[in-house]
Amino acid sequence: MTVATTAPPTPRTDPAAGTGRTGRARRLADRLRGGSDGGWFPYLLALPLALVLWGYVVQPMLATFVESAGGDGVDNYLAFLSGSGVARSSLLTSLGISAASVLCCGVVGVGMAFLLKRFAFPGRRLIEAIILVPAALPPLIGAISFQLLYSETGILPRGLQHLLGTDEPVLPFDGIAGVLVVHTFTMYPFFYLAASAALAGMDPSVEEAAYNLGASRVRVWRTVLLPMLTPALVSASLLVFMTSLASYTAPLLFGVDRTMTMQIYINRTNGDLPMASTYASVLGVVSVLFLLGMRWYEGRRSYRSQSKGISTHRREIRNPVGRWLALVGSVLATVVLLAPVATIALVAFSVDGSWTTQVLPTDYTTQNFVRIFADPRAFQPILNSLRMSLLATAACVVVGVLVAYAVRRLTFVGRGLLDVAVMLAWALPGTVVAINLIAAFSTGSPFSLGQVLVGTFWIMPLAYFVRFLPLVFRSSSAALAQLDPSLEEAARNLGASWLRAFVSITLRLMFPGVLAGALLAFVHGVGEFVASVLIYTASTAPISVEINNRMYSFEVGTAAAYGMLQVVLIFVVMVMSGRLERGGPTAREATRWTN
Amino acid sequence: MIGVTLESVSKRFPGAGGAAVDDVDLSIEAGEFFTLLGPSGCGKTTTLRMIAGFYFPSSGRIRFGDEDVTRKPPNRRDTGMVFQNYALFPHLTVAQNVGYGLKIRKIRGAEARRRIDEALRQVHLDGYGDRRIDQLSGGQQQRVALARALVIRPRTLLLDEPLSNLDAKLREETRTEIRRIQREAGITSIYVTHDQAEAMAMSDRIAVMEGGRVRQVGTPREIYHRPATAFVARFIGRSNVLELPVLAARADSVDVRLPGGATRTVAAPAEHGLTESARALVSIRPEHIGLCGPEDPDALPGRITDVEFTGMTTNLTVDVSGQELTVAAVDVPDTPAVGDRIGLRLPAARMWVVRP
């Protein structure tokens, strides 16, 4: 009778011994073909990625710090602490604007989320469809459209002046107030999306339980709903704060010079690179601290409902007064949401220099567009933007996909650092990225093959790459998370080498996610302004820089025409990636079969 | 056909405390249907993944026949694996899934089509080749996974809990089907499951694992009737394990005293290590305990604490001087009630000494 296995003891031999040279060579060949199973394989993949991230993200940041510390470095930093200098007031203004932006965006975003997710009223679907439009505008065009609409020379204040017959424009937004309006309109989606997601994920029975236990409506809000929304709101607050801190176009257009980003720009254009580097270092450190705070917080708490019950019902507004208010509100919201795009579209057809003190431009033409496409010099910025964005996107895809794969699927020492380096690129404001690259590549460096990159074409796509790598990384990483690792294992088991399994299975199935990320990176590249304006040269000016220059020379119509082209591109891509996310015919087929 | 041998195989994961698989020796014969059985976390899946090549052992050797495959990458081992979630490629059709391994082996055209058709026929899915994976039911997906593993004519077939995602009725049908296909192909198969009924019904031999170690290897009958340890006794079916004083110990049996005072001579495995006045662990299955009156001198007197009527049997829980015994009685003379006194008859031939 057999009880418990006792296999005959076999002499243990070291696999390296005995078989000799041929054995060793065969094992090496085995490993090479084996790929991901060898202990060193993850490092083979991770090392070049780590070098790229080090060379173009981390090391430039250190170079900026070195630059700032040279010469009268200590004085530069002390300026932030001392009494009434520009440095100190810029830091305080930036922080103040950011805090105010958080407040404004929070009120608007959470309010919108509650209205749209908890109530049913006429016009709700339309608003839900267009609610993200202002945020989708490229940063410069977004800010310009608000300037055209709400500033002292804007359509609304002048329209009201005309209507009411006053001497001055009515309710113009200027300076910091103008910046806050732009921030609120472009950043409230952070709150809206976070609060909507939290509301959608919330178990309605929790709320019902509170009512059932005798709590009043107000009490339920105060003691149940708001606490459950807290994690989402804190994350959104941090995001809005970081984004406001990095905001550059709004202060530029509304003339708020004393912000960190503006000071970086001003010092750089005045040729004081050490001082610009000091501002960039301080802003970079603050941004990274916020990033770390956000990651720490998100790791710490999140309320997620346990039950799979039905989602909350929307409450129908039955009160007739309420219904009318809702309708008026809907119309107003629709107008406000679409106004920026409508303004750009309208102005794009206005004759340059014809729009002075009137409420709306008076003379219209299609010449602006014709000239852009007919004049090779006017078309050059478009070519520049497309070429640089394509280059950067290609690099983002290669590096982003591989970093996502390494971080999600492989185990190696330093995996967390790779993840952090990508997030660092995401946390750094565009102005800081530009200063970092200037500091790192104003002399030859091994990462630029010994070439000086400042003042050349190559620094532009490099900046785009650093700024938009996180977009591709995140969408690739999300696509990988949806993918069962055993699919790749099944391919390996059936005889596929690592590369073949990766390409024919993993990459193939990641493709929609990667493409969505790549499109996003491309669109952001075409709209890029913040970093470009610090590093462009006459021959490499991208669309946004050209828009800015045209605005300065009062060619508002042509500037808006360029902007309109950017906007059209963005909406085409948005529709395309919406298709991707919903999935092609196969995904629809699948849902039909499972239901 | 080849056998699979594991020699002192251990696997430690970096950062984890103990070994996930600890010094496992197994010798799986050619053409055998061999099952790794155990609760979750016992190391059975890790063992299978080492055989497939997804993990390399920290120490020890794995052989396919005479060939040492210990450090061989998975794509060069020629095993066919059926994954727990099937791992079918969602972007390929049924035929393309089945043909994936053939394509890698550069088998194309008519020959590939013939083998794909043959494999699909084998799993009763002829005519499904052009379907998309998401158009198949769970049971059909499972069979595609099996066809995909078999079509490459692998040296061994590895199955990682392939039935756990099916509902109960389909599970029983499918296990018969897997066993039929395996017999027809005559392929050495290694099957991982936590379901002891599945293991008993399908396997030629079973290795029961616990805490990274193999506790017993044997045929289903051996494991059921002669469990090596108290864990195996309890994990395979249900079992009462009594701790009884030893009156006398011999090479292959011991005399023990029952709670009522009666004695039994109980068979024991070799090297049981028991001596007089030690305490032995003795297992007996619930269905082997007989019922009688409480005054029977040869019986264990006890009191019924629970009665459960299942149709085929009546399950009684009986308290015998502090120890609870489970009895599964097919014929119960009177209707027993909680609180009744009752006598239990433990036949010596059905008792067996187990290790702790």
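The values are calculated or read from the model by the stated rules, or taken from the named source; none is laboratory data. Being a predicted model, the structure only gives us computed values, none of them experimental. Don't worry about glycine lacking a Cβ; one is built from the backbone with ideal geometry, like all the others, and counts go over all protein chains shown. Ligands, DNA and RNA are excluded from the accessible area calculation, which covers all protein heavy atoms including side chains. Shrake-Rupley method; radii C 1.70, N 1.55, O 1.52, S 1.80 Å.
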Pull out all pairs, ordered by first then second residue, where Cβ-Cβ is under 6 Å, the residues are six or more apart or on different chains, the first lies in the stretch A:32-47 and is basic (Lys, Arg), and the second is at pLDDT 70 or above and surrounded by 15 or more Cβ atoms within 10 Å (Cβ to Cβ). A:33/A:497
The conditions are (1) in a helix (DSSP H, G or I); (2) free of Cβ contacts under 8 Å to residues at least 12 places away in the same chain, and residue A:82 fails exactly one of them. Which is it? (1)
Picked from the stretch A:487-509 (must be farther than 24 Å from residue B:150 by Cα and within 8 Å of chain B (Cβ to nearest Cβ)), the residue surrounded by the most Cβ atoms within 10 Å (Cβ to Cβ) is A:509
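Are any residues in the stretch A:342-370 more than 18 Å from residue A:558 (Cβ to Cβ) and modelled with pLDDT of 90 or more, and if so, which ones?
Let us first name the residues in the stretch A:342-370 that are more than 18 Å from residue A:558 (Cβ to Cβ), namely A:342, A:357-359.
Answer for the stretch A:342-370, where residues must be more than 18 Å from residue A:558 (Cβ to Cβ) and modelled with pLDDT of 90 or more: just A:342.
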Between a first residue in the stretch A:408-423 that is within 14 Å of chain B (Cβ to nearest Cβ) and a second residue that is outside any loop (DSSP other than H, G, I, E, B) and open to solvent by 60 Å² or more (accessible area, probe 1.4 Å), which pairs have beta carbons less than 8 Å apart while being 6 or more apart in sequence or on different chains? A:409/A:485; A:412/A:43
Return the only residue of A:443, A:411, A:456 being out of contact with any helix residue (DSSP H, G or I) (no Cβ under 9 Å at 6 or more places or on another chain) and in a loop (DSSP other than H, G, I, E, B). A:443
Looking at residue B:152, is it in contact with a His (Cβ under 9 Å, 6 or more places away or on another chain) and either under 23 Å from residue B:113 (Cβ atoms) or within 11 Å of chain A (Cβ to nearest Cβ) (or both)? no
Return a yes/no flag: does the stretch A:510-522 have any residue that is part of a helix (DSSP H, G or I), within 12 Å of chain B (Cβ to nearest Cβ) and open to solvent by less than 30 Å² (accessible area, probe 1.4 Å). yes
Sole miss for residue B:12 among (1) open to solvent by 10 Å² or more (accessible area, probe 1.4 Å); (2) at the interface with another protein chain (Cβ under 9 Å from one of its Cβ atoms) is condition (2)
Let me confirm something: among B:83, B:89, B:56, B:33, which residue is without any contact (Cβ under 8 Å) to a residue 24 or more places away in the chain and of a type in the set (A, V, I, L, M, F, W, C)? B:56
Under the condition of being charged (D, E, K, R) and assigned to a helix (DSSP H, G or I), which residue from the stretch B:212-228 is farthest from the other protein chains (Cβ to nearest Cβ)? B:221
So how many residues does the stretch B:15-35 have that are within 14 Å of chain A (Cβ to nearest Cβ) and at pLDDT below 90? 2
From the set of residues in the stretch B:229-254 that are within 14 Å of another protein chain (Cβ to nearest Cβ), in a helix (DSSP H, G or I) and more than 12 Å from the chain's Cα centre (by Cα), which is surrounded by the most Cβ atoms within 10 Å (Cβ to Cβ)? B:233
For the subset of the stretch B:48-92 comprising residues that are in a helix (DSSP H, G or I) and not β-branched (Val, Ile, Thr), which member is surrounded by the most Cβ atoms within 10 Å (Cβ to Cβ)? B:74
Boolean, residue A:383 is free of Cβ contacts under 8 Å to residues at least 24 places away in the same chain, in the same structural domain as residue A:511 (by TED's automatic domain parsing) and either surrounded by 15 or more Cβ atoms within 10 Å (Cβ to Cβ) or under 27 Å from the mean Cα position of the chain (by Cα) (or both): yes
Any chance residue B:226 is under 24 Å from the mean Cα position of the chain (by Cα), open to solvent by 40 Å² or more (accessible area, probe 1.4 Å) and among the basic types (Lys, Arg): yes
Name every residue in the stretch A:462-486 that is closer than 29 Å to residue A:538 by Cα and either within 14 Å of another protein chain (Cβ to nearest Cβ) or open to solvent by 10 Å² or more (accessible area, probe 1.4 Å) (or both), in order of residue number. A:462, A:465, A:467, A:468, A:471
Out of all the residues in the stretch B:93-120, which are basic (Lys, Arg), facing chain A (nearest Cβ under 10 Å) and in a helix (DSSP H, G or I)? B:103
Name every residue in the stretch B:27-42 that is of a type in the set (Gly, Ala, Ser) and open to solvent by less than 10 Å² (accessible area, probe 1.4 Å), in order of residue number. B:38
Please determine whether any residue of the stretch A:341-363 is of a type in the set (Gly, Ala, Ser), under 29 Å from the mean Cα position of the chain (by Cα) and open to solvent by 20 Å² or more (accessible area, probe 1.4 Å). yes
Output for Cβ contacts, cut-off 7 Å, separation at least six or different chains, first residue over 15 Å from residue A:135 (Cα atoms) in the stretch A:231-246, second outside any helix (DSSP H, G or I) and open to solvent by 20 Å² or more (accessible area, probe 1.4 Å), reads A:231/A:301; A:231/A:302; A:231/A:303
Restricting the search to the stretch B:158-198, which residues are away from every other protein chain (no Cβ under 14 Å), crowded, with 17+ Cβ neighbours inside 10 Å, in a loop (DSSP other than H, G, I, E, B) and not β-branched (Val, Ile, Thr)? B:163, B:166, B:194
